[in-house]
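Notes follow once the structure below has been shown.
The values are calculated or read from the model by the stated rules, or taken from the named source; none is laboratory data. As the structure is a prediction and not an experimental result, all values here were calculated from the model. Here the Cβ positions follow ideal geometry from the backbone for every residue, glycine too, while neighbour counts run over all protein chains shown. Protein only, heavy atoms only, side chains kept; ligands, DNA and RNA dropped before computing areas. Shrake-Rupley method; radii C 1.70, N 1.55, O 1.52, S 1.80 Å.
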Amino acid sequence: MHDAKTVDDALPLTARVFLILWALADKPQHAYGLLAEVERRGSGRVTIKPGSLYEAIYTLEERGLVATSEEHAPPTDRRRGRTFALTELGRAVLTAEAERLGQLVEELRTTDLLSSQEQG
């Protein structure tokens, strides 16, 4: 996969990548916290196994959307681990994708599809 130079280079995102970036929006996370946050924000519909998470993070890091660092975990967790954080580009991509998805949903609401589903 290539580096994302602009927001448009990185779009569209898969649901998994969208949730990973969204889970990092508030603060940097260690893997365990990131996995839990992805599951929470995905309402339990999306789960990621640790191996898949690290593969996704590696790709996102290559694309410039996520940065990783080695640091000590908080004192309550004595394990040493990597911390994952959004880059400025990653935050811009997350914002653009959320806006894109919102527009798609709004367009869908103007069709008969949703109203026929609600009646059915």
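Tell me which of V7, V38, A96 sits at the most positive position along the dipole axis of the chain, charges placed on C-beta atoms (Lys, Arg +1; Asp, Glu -1).
Of the listed residues, the answer is V38.
Multiply the residue gap between S69 and A98 by 0.36 nm, knock off their C-alpha separation, and tell me the result in nm, one decimal place.
Contour length minus the Cα-Cα distance gives 7.8 nm.
Taking H as built 1.01 Å from N, whose amide H comes closer than 5 Å to the amide H of H30, not counting residues under 5 places away?
It is F84, by chain and number.
Given Cβ point charges of +1 (Lys, Arg) and -1 (Asp, Glu) and nothing else, what value in debye, to the nearest 20, does the dipole of the stretch 8-113 about its Cα centre take?
Roughly 560 debye for the stretch 8-113.
Counting only residues 5 or more places away or on other chains, whose amide H sits under 5 Å from the amide H of G81 once H atoms are built in the peptide plane?
Here E71, A73 satisfy the definition.
Given the options V17, V46, V93, which has the most mean-square fluctuation in a GNM of the chain, springs set between C-alpha atoms less than 10 angstrom apart?
Evaluated over the chain, the most mobile residue of the options is V46.
Just the number, please: carbon plus sulfur as a percent of the accessible area of the chain, 1.4 Å probe, no ligands or DNA/RNA counted.
Carbon and sulfur atoms account for 52 percent of the accessible area of the chain.
Figure the gain on full extension for Y32 and T47 (residue separation times 0.36 nm, minus the Cα-Cα span) and round it to one decimal in nm.
So the chain would gain 4.2 nm between Y32 and T47.
Using modelled backbone amide H atoms (1.01 Å from N, in-plane), which distant-in-sequence or interchain residues come within less than 5 Å of V66's amide H?
Residues meeting the criterion, in which the H sits 1.01 Å from N, are E61, T87.
Select from E61, E37, E88 the residue whose mean-square fluctuation is largest in a Gaussian network model of the chain (Cα-Cα springs shorter than 10 Å).
In this elastic network of the chain, the residue with the biggest mean-square fluctuation among E61, E37, E88 is E88.
Between Y58 and D9, how many nm apart are label points set 7 Å from Cα along the C-beta direction?
2.1
Please find, in a Gaussian network model of the chain (springs between Cα atoms separated by less than 10 Å), the residue of L60, L35, L11 whose mean-square fluctuation is greatest.
Per the Cα network of the chain with a 10 Å cutoff, L11 tops the list.
Which one is right for this structure if Rg/Rh (Cα atoms, Kirkwood Rh) is calculated from it: (1) 0.97; (2) 1.06; (3) 1.17?
(2)
Can you give the accessible area per residue of the chain, in Å², using a 1.4 Å probe?
Averaged over the residues of the chain, the accessible area is 66 Å².
Which value in deg cm²/dmol, rounded to the nearest 500, describes the helix-derived mean residue ellipticity at 222 nm for the chain, given -39,500 (n - 2.57) per DSSP H run of n ≥ 4 and division by the residue count?
-17000 deg cm²/dmol
Output wanted: per-residue J couplings in Hz (rounded whole) for the stretch 45-55, from phi through Karplus 6.51 cos²θ - 1.76 cosθ + 1.60, θ = phi - 60°, x for Gly and Pro.
7, 10, 10, 10, 7, x, x, 5, 4, 5, 5
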